[in-house]
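See structure below.
The values are calculated or read from the model by the stated rules, or taken from the named source; none is laboratory data. What you see is a predicted model; the values in this text were computed from it and never measured. Backbone-built Cβ (ideal geometry, glycine too); neighbour counts: all protein chains shown. The accessibility values were calculated without ligands, DNA or RNA, using every heavy atom of the protein model including side chains. Shrake-Rupley method; radii C 1.70, N 1.55, O 1.52, S 1.80 Å.
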Amino acid sequence: MSLTSAATLATLDRTGPRRITDLAAVEGVTQPAMTALVRVMEESGHVERRGDPSDKRVTLVCLTDAGASYVRTRRQAGVHAFERLIGGLTGDEVEALVAALPALKHLAELENQDREGPKQ
């Protein structure tokens with residue numbers, strides 16, 4: 001799976017169903033590219049399109065159970081990779097990482113705000 005596909009699935013997992021135009025903006029790709037990507041992810045069973053209950057003219061891209069499972073599996077693999085790497089650090093290095101966690105968390109929050117844009 002491409003990085004853009006994985007990032008799109010993660011965005012849907014975090015934010016819920018989105019319009020293709022919103023996903024394209026968040027992921028930094030064109031709308032035609034996102035439309036093609038959504039089609040591939042539909043064929044793989046990771047997403048589905050549904051009507052927007054608040055506006056019948058709008059179609060939303062929604063994460064399926066298989067897509068949510070894929071996101072969880074990728075996140076868990078990332079956790080295991082970090083656990084293994086951190087296990088090779090010295091005690092002082094681990095303490096330095098722990099001390100940096102608040103700043104790293106803030107950076108992640110800022111990055112999410114930039115990627116997701118204004119809330120709908």
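Here is how the numbers come out for the structure above:
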| item | result |
| --- | --- |
| Some residue of the range 65-79 being in contact with a strand residue (DSSP E or B) (Cβ under 8 Å, 6 or more places away or on another chain) and of a type in the set (Asp, Glu) | no |
| Answer residue from the range 31-62, given it is open to solvent by 80 Å² or more (accessible area, probe 1.4 Å) and under 18 Å from the mean Cα position of the chain (by Cα) and is farthest from Asp13 (Cα to Cα) among those | Gln31 |
| Filter result (open to solvent by 50 Å² or more (accessible area, probe 1.4 Å), touching a residue at least 40 places away in the same chain (Cβ under 8 Å) and over 15 Å from Gln113 (Cα atoms)) within the range 1-18 | Met1, Asp13, Pro17 |
| Output for the range 19-30, where each listed residue is open to solvent by 30 Å² or more (accessible area, probe 1.4 Å) and within 20 Å of Lys56 (Cα to Cα) | Arg19, Thr21, Asp22 |
| Restricting the range 63-94 to residues that are in contact with a helix residue (DSSP H, G or I) (Cβ under 8 Å, 6 or more places away or on another chain), under 24 Å from Ala36 (Cα atoms) and among the aliphatic types (A, V, I, L, M), the residue that is surrounded by the fewest Cβ atoms within 10 Å (Cβ to Cβ) | Ala68 |
| Some residue of the range 80-94 being within 20 Å of Gly16 (Cα to Cα) and among the charged types (D, E, K, R) | no |
| Answer from Val58, Val26, Val79 - the residue that is over 17 Å from Ser2 (Cβ atoms), in contact with a Lys or Arg (Cβ under 7 Å, 6 or more places away or on another chain) and modelled with pLDDT under 95 | Val58 |
| Lone unmet requirement of (1) over 23 Å from Gly28 (Cα atoms); (2) in contact (Cβ under 8 Å) with a residue 12 or more places away in the chain; (3) not aliphatic (A, V, I, L, M) for Arg74 | (1) |
| Residue check, Leu60 among the aliphatic types (A, V, I, L, M) and under 20 Å from Asp114 (Cβ atoms) | no |
